[in-house]
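One structure is given below, encoded as structure tokens.
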Amino acid sequence: MRVLIPGASGAIARKLALRLVGEGHQVIGVDRRPWHDAPIDFHNVDVRKRGAEEVFRHTRPEAVVHMATVTSLVMPGEERYQINLGGTRAVFEYSRAYGVQHCIFVGRHTFYGAGPDSPLSHVEDEPPLALNRFPELADLVASDLFAATALWRHPELATTVLRACYTLGTTGHGTLAGFIHGKRVPMVMGFDPLFQFLHEDDLVEAIVKTLEKRPRGVFNVAGPQPLPLSRIVREAGRTPVPVPEFILEALIGRFGFPTLPKGALTHIMYPVVVEAKAFRDATGFKHAHDEIETIASFRHAFPRPA
């Protein structure tokens, strides 16, 4: 199968590309970030530009795995909006124009939003909530919703939207990994909520299963049972530091604490947990790494800082 991956230079996208090459697929990568000595047909172009469209036109991929979205932790401001929504629109336009059979949008479970009134567990037909508390998520939510509209706008294109929970693993990539990277991890005093995550390699397996089974629709992707944040922090060899919310707002980004948008504090107090039964039923996906093993893989790759 010819598979094109926008965002191929990302940590998990690289793992996916290597997995697919190992299974005999022809993999094409597109990313404005370089990937030196890439073992795939890699094109160092912005997915929104004409050069990326030329890659679609010349290679005629059968499947596309769109992994070229970014969070506010990586890129603040207007450019992030253009990359996320503009890039997603371009990927689906190119896919429709050049005969792609299956397009996968790899999104995030934070789509649902966090807040004191949010349900404990979210299913796929729920709308996004509480964006007023974390406006930096708006462009990712808009990208997810735009991808989902392809299900009825372009019925000839098999479209799968994946809303994956946080990942941990050997690359240290992702929101949760960045949050617990330092030796002290802030927590809001009086809150020790459940965080849901899966191993990076399990997310790769989930995407491979999606390519194989080609389910149409929107699916939550999750792994083992969620754990309290304090347990995750200690298993990772770090120290949890409970701080009153009003003080934590002033400490974020200082004294070794991670830098976060103000709205992210809501996700520390009321993190998103999803129900992923529909995806397991549609693809047969089973996670290979339990919660303790997943944290251990992160801890071994990134020991507690001195």
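Suppose we filter region 225-257 for residues that are in a helix (DSSP H, G or I) and at pLDDT below 95; how many remain?
Within region 225-257, residues that are in a helix (DSSP H, G or I) and at pLDDT below 95 number 7.
Go through the residues of region 199-218 one by one and say whether even a single one is aliphatic (A, V, I, L, M), closer than 26 Å to residue 185 by Cβ, assigned to a loop (DSSP other than H, G, I, E, B) and in contact (Cβ under 8 Å) with a residue 60 or more places away in the chain.
Within region 199-218, none of the residues are aliphatic (A, V, I, L, M), closer than 26 Å to residue 185 by Cβ, assigned to a loop (DSSP other than H, G, I, E, B) and in contact (Cβ under 8 Å) with a residue 60 or more places away in the chain.
Only one of 144, 139 is part of a helix (DSSP H, G or I), open to solvent by less than 20 Å² (accessible area, probe 1.4 Å) and within 30 Å of residue 290 (Cβ to Cβ). Can you tell me which? Steps first, please.
Details: 139 fails: within 30 Å of residue 290 (Cβ to Cβ).
Residue meeting the stated conditions: 144.
Could you list all residues from region 90-113 that are over 19 Å from residue 136 (Cα atoms) and assigned to a helix (DSSP H, G or I)? Give the derivation first.
Start the filter on region 90-113 by keeping residues that are over 19 Å from residue 136 (Cα atoms), which leaves 90-105.
Selection gives 90, 91, 92, 93, 94, 95, 96, 97.
Which residue is nearest to residue 216 (Cα to Cα), if the candidates are limited to region 51-85 and must be at pLDDT 90 or above and surrounded by fewer than 16 Cβ atoms within 10 Å (Cβ to Cβ)?
Among those residues, the one meeting the criterion is 60.
So is residue 33 outside any loop (DSSP other than H, G, I, E, B) and either at pLDDT 95 or above or open to solvent by 20 Å² or more (accessible area, probe 1.4 Å) (or both) or not?
No.
Given the options 168, 157, name the one that is over 28 Å from residue 92 (Cβ atoms), open to solvent by less than 60 Å² (accessible area, probe 1.4 Å) and modelled with pLDDT of 95 or more.
Of the residues listed, the single one that is over 28 Å from residue 92 (Cβ atoms), open to solvent by less than 60 Å² (accessible area, probe 1.4 Å) and modelled with pLDDT of 95 or more is 168.
For every residue, the table says whether it meets (1) open to solvent by 70 Å² or more (accessible area, probe 1.4 Å); (2) in contact with a Phe, Trp or Tyr (Cβ under 9 Å, 6 or more places away or on another chain); (3) at positive phi.
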| position | (1), (2), (3) |
| --- | --- |
| 214 | yes, no, yes |
| 232 | no, yes, no |
| 247 | no, no, no |
| 255 | yes, no, yes |
| 258 | no, yes, no |
| 261 | no, yes, no |
| 276 | no, yes, no |
| 287 | yes, no, no |
| 305 | no, no, no |
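The values are calculated or read from the model by the stated rules, or taken from the named source; none is laboratory data. This one's a predicted model, so the numbers in the text were calculated from it and none came from an experiment. Note: ideal-geometry Cβ built from the backbone for every residue, glycine included; neighbour counts use all protein chains shown. SASA here: full protein model, heavy atoms, side chains in, ligands and nucleic acids out. Shrake-Rupley method; radii C 1.70, N 1.55, O 1.52, S 1.80 Å.
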